[in-house]
Amino acid sequence: MRLRLTIFNIKQVFLPVTGLLILLATATYAQVDTIDQRHQRLNTAFLKPGVRQYLVYFQLPTRSNMLSLSLWVREIEKTNRNNVPVFKTTQHWYSEDTARYAMFTSFNTVSDFSPLFHEEIRGKDRKAYNWSAQGVAGDSGPDNKAADFKFDFDRPNYNWHLDIETFEMLPLAKGKIFEINFYDAGLDTPKYVRYQVTGSDVLQTLNNQAVDCWKLFTEGESPRGHYTQIFWISKAGHELLKEEDSFGGMFRYKIKLPGLTPYLDERFVKQAK
């Protein structure tokens, strides 16, 4: 039987196919979420106050029998700053060398995690910044090495130094792709960084408890060359449990320690000094 393609036949074939292509294109586009204060905001209800401690270690393939170890402590509190509800995040980076110790203090709004203030102390050097949607400028406090710093923004952004906390507030799901507008105070310029949920993985924690996690992936270029990062974030609790970085032939891992790990708080630090 001869097949006759009338205008009606063509419409029957063409329109469903066209519709399918449009749906596929729309679905693909919809998976890219722009994360900033003007588009899709972070869900701050996911961010839980408390102390998180991470074992951080480096490994070189050429020296596989040696590790460089650090302990990173991150404490999140809810408080007020200039009558605005904020998250106060305090970080302590410890290692075997006191010269490498660093402390960071950051304030972000509870409403959408917009940065308000960031301070970095390394040895005797202090750098502190006041942060807003319009720009960042050196704080007028004492001994501030960044007192004269000023940089204007064309749009609001997030503090890249709080990437762990930021990831825990993302609406993670299968196939999701995020463009997050990050800025590292005093360095370079703000930029959108792409992160993609590449799948799921189950981590074994204490007592062989299985924790189902999303895997969040990113890659890019740095002064040390090409880098990749993978973050494991629990589906149920929105906790970043593990991070694996590769750059310049080196591997770095961050492993979240259990709550039974003793907390080296600020009182201990002051006594040690």
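Some notes on this structure:
- Förster radius 45 Å - calculated FRET efficiency between residue 196 and residue 80 (Cβ-Cβ, nearest 0.05): 0.80
- Packing-based exposure ordering (other Cβ within 10 Å, fewest first) of 34, 166, 44: 34, 44, 166
- Folded to 0 to 90 degrees: helix 7-30 orientation relative to the chain principal axis, Cα: 0
- Taking amide H as placed 1.01 Å from N in the peptide plane, the amide H of residue 68 sits under 5 Å from that of 58, each at least 5 places away or on another chain.
- Relative contact order, percent, the chain [alpha-carbon distance under 8 Å, six or more residues apart]: 15
- Placing unit charges on the Cβ atoms of the charged side chains and taking the dipole of the chain about its Cα centre, the candidate lying farthest along the positive direction among 114, 167, 102 is 167.
- Positive end of the dipole of the chain (Cβ unit charges, origin at the Cα centre): among 47, 180, 196, the Cα lying farthest that way belongs to 196.
- 27 Å tail of the calculated P(r), segment 32-272, as % of Cα pairs: 37
- Note on 94, 263: ascending count of other Cβ atoms within 10 Å places them as 263, 94, the fewest first.
- Structure-based [θ]222 nm, the chain - -39500 (n - 2.57) summed over DSSP H runs of at least 4, per residue, nearest 500: -4000 deg cm²/dmol
- Averaging 1/r over every pair of different alpha carbons in segment 168-225 and inverting the result gives a Kirkwood radius of 13.8 Å.
- Residue-wise HN-Hα coupling along segment 156-171, computed from phi with Karplus coefficients 6.51, -1.76, 1.60 (Hz; x: Gly, Pro): x, 8, 10, 6, 5, 6, 10, 5, 4, 5, 4, 4, 5, 9, 7, x
- For segment 181-194, backbone phi angles converted through the Karplus equation (6.51, -1.76, 1.60; θ = phi - 60°) give residue-by-residue couplings of 7, 10, 9, 9, 3, x, 10, 6, 9, x, 7, 7, 10, 8 Hz, Gly and Pro being listed as x.
- Karplus-derived HN-Hα couplings along segment 219-234 (A = 6.51, B = -1.76, C = 1.60, θ = phi - 60°), whole Hz, x at Gly and Pro: 8, x, 10, 9, x, 8, x, 5, 10, 10, 9, 10, 10, 9, 10, 5
- Each residue in 32, 110, 136 was given a count of other beta-carbon atoms within 10 angstrom of its own, and listing them fewest first yields 32, 110, 136.
Values in this text are rule-based calculations from the coordinates and carry no lab data. Since this is a predicted model, take the numbers as computed values, not measurements. Cβ atoms come from the backbone with ideal geometry, glycine included; neighbour counts cover every protein chain shown.
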